[in-house]
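The values are calculated or read from the model by the stated rules, or taken from the named source; none is laboratory data. Note that this is a predicted model, so its numbers are computed, not measured. Ideal geometry is used to build each Cβ from the backbone, glycine not excepted, and the neighbour counts take in all protein chains shown.
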Amino acid sequence: MFSLKKIGAIVIGSILIAIGINFFVVPLGILDGGIIGVALIINYVFDIKIGLIMLLCSIPIFVLAWFYNRELLYISVSGLLLSSYVIDFMEPYQYYFSYYIEWTPFTRAVVGGLAIGTGIGVMLRQHVSTGGMDLIAEYLSEHIKINVGIIVLVIDLLIISIGEWILPGDSFFLSLMTITAGGLATSLCTLRRSENS
């Protein structure tokens, strides 16, 4: 079930996701898609830890996954637990990164999306995920033969559209850039896997 490749994918993917969220997305007050996007919306409104929200929001999806693919469920729970922990662990370091690194909002949004998308793609390439919408995308890609990155991108668009009402000014555009960059990075990371399916 667990191999060194899967464990490595979980660790590397979790770090990349945490970097993208904490150092690029949250300082701009923008959204990503999927469960991360839902967690960001709740964080911005109620100031609750993003990793904790991700865990709580994933529970109903994991309950459904219990009946469909338990091996994928166990691996995804591991990915979710580590990524949630790393996201909340790195959160206090946002200030230092923002203070010492000055990038334009557009660049920050795109690089944040690339980091998150690459982290998710690294995990999905090894059939591991952070759970949540990634788990749904993984399940759908196995049944409808569409690249998992494309499915993630569509789900992400739905999430930021729902969250549009809390986004001031050009935040919606920046969120769109984040999920587009993330979807492309995820697609590229999982491209060979889809061709071999």
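Checking ALA65 against (1) crowded, with 24+ Cβ neighbours inside 10 Å; (2) out of contact with any Ser or Thr (no Cβ under 6 Å at 6 or more places or on another chain); (3) more than 19 Å from ILE162 (Cα to Cα), only one condition comes out false. Which one? All conditions are met except number (1). Regarding the stretch 101-113, can at least one residue be identified that is at negative phi and modelled with pLDDT under 85? Checking the stretch 101-113: at least one residue is at negative phi and modelled with pLDDT under 85.
So that you can scan it fast, the table gives a plain yes or no per residue for (1) touching a Ser or Thr at 6+ places or on another chain (Cβ under 6 Å); (2) surrounded by fewer than 21 Cβ atoms within 10 Å (Cβ to Cβ); (3) over 19 Å from GLY113 (Cα atoms):
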position: GLY132; (1), (2), (3): yes, no, no
position: TYR139; (1), (2), (3): no, yes, yes
position: VAL152; (1), (2), (3): yes, no, no
position: LEU158; (1), (2), (3): no, yes, no
position: SER161; (1), (2), (3): no, yes, no
position: PHE172; (1), (2), (3): no, yes, no
position: ILE179; (1), (2), (3): no, no, no
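If only one of GLY13, GLY51 is more than 22 Å from MET177 (Cα to Cα) and surrounded by 17 or more Cβ atoms within 10 Å (Cβ to Cβ), which one is it?
Criteria check complete, one pass: GLY51.
If the condition is being surrounded by 21 or more Cβ atoms within 10 Å (Cβ to Cβ) and either touching a strand residue (DSSP E or B) at 6+ places or on another chain (Cβ under 7 Å) or among the hydrophobic types (A, V, I, L, M, F, W, C) (or both), then the stretch 181-192 contributes ALA181, ALA185, CYS189.
Is it fair to say ARG108 is surrounded by fewer than 24 Cβ atoms within 10 Å (Cβ to Cβ), among the basic types (Lys, Arg) and within 26 Å of TRP66 (Cα to Cα)? No: the conditions fail for ARG108.
Can you give me the number of residues within the stretch 129-180 that are of a type in the set (Lys, Arg) and either assigned to a helix (DSSP H, G or I) or touching a strand residue (DSSP E or B) at 6+ places or on another chain (Cβ under 6 Å) (or both)?
Going residue by residue through the stretch 129-180, those that are of a type in the set (Lys, Arg) are 145.
Okay, now just the ones that are also either assigned to a helix (DSSP H, G or I) or touching a strand residue (DSSP E or B) at 6+ places or on another chain (Cβ under 6 Å) (or both), so none.
Adding up the residues that qualify gives 0.
Could you tell me which residue of the stretch 129-147 is farthest from PRO27 (Cα to Cα), considering only residues that are of a type in the set (A, V, I, L, M) and at pLDDT 75 or above? The residue in question is ILE144.
So if I check each of VAL122, VAL154, which one is within 17 Å of the chain's Cα centre (by Cα) and without any contact (Cβ under 8 Å) to a residue 60 or more places away in the chain?
Working: VAL122 fails: without any contact (Cβ under 8 Å) to a residue 60 or more places away in the chain.
Among VAL122, VAL154, only VAL154 is within 17 Å of the chain's Cα centre (by Cα) and without any contact (Cβ under 8 Å) to a residue 60 or more places away in the chain.
Could you grab me the full set of residues in the stretch 25-48 that are surrounded by 19 or more Cβ atoms within 10 Å (Cβ to Cβ) and assigned to a loop (DSSP other than H, G, I, E, B)? Correct list: ILE30, LEU31, ASP32, GLY33. I'd like to check something: does the stretch 108-124 contain any residue that is part of a helix (DSSP H, G or I) and farther than 19 Å from ILE21 by Cβ? No, the stretch 108-124 contains no residue that is part of a helix (DSSP H, G or I) and farther than 19 Å from ILE21 by Cβ.
Only a single criterion out of (1) over 16 Å from ILE30 (Cβ atoms); (2) crowded, with 18+ Cβ neighbours inside 10 Å; (3) under 14 Å from the mean Cα position of the chain (by Cα) is not satisfied by TYR85, namely (2).
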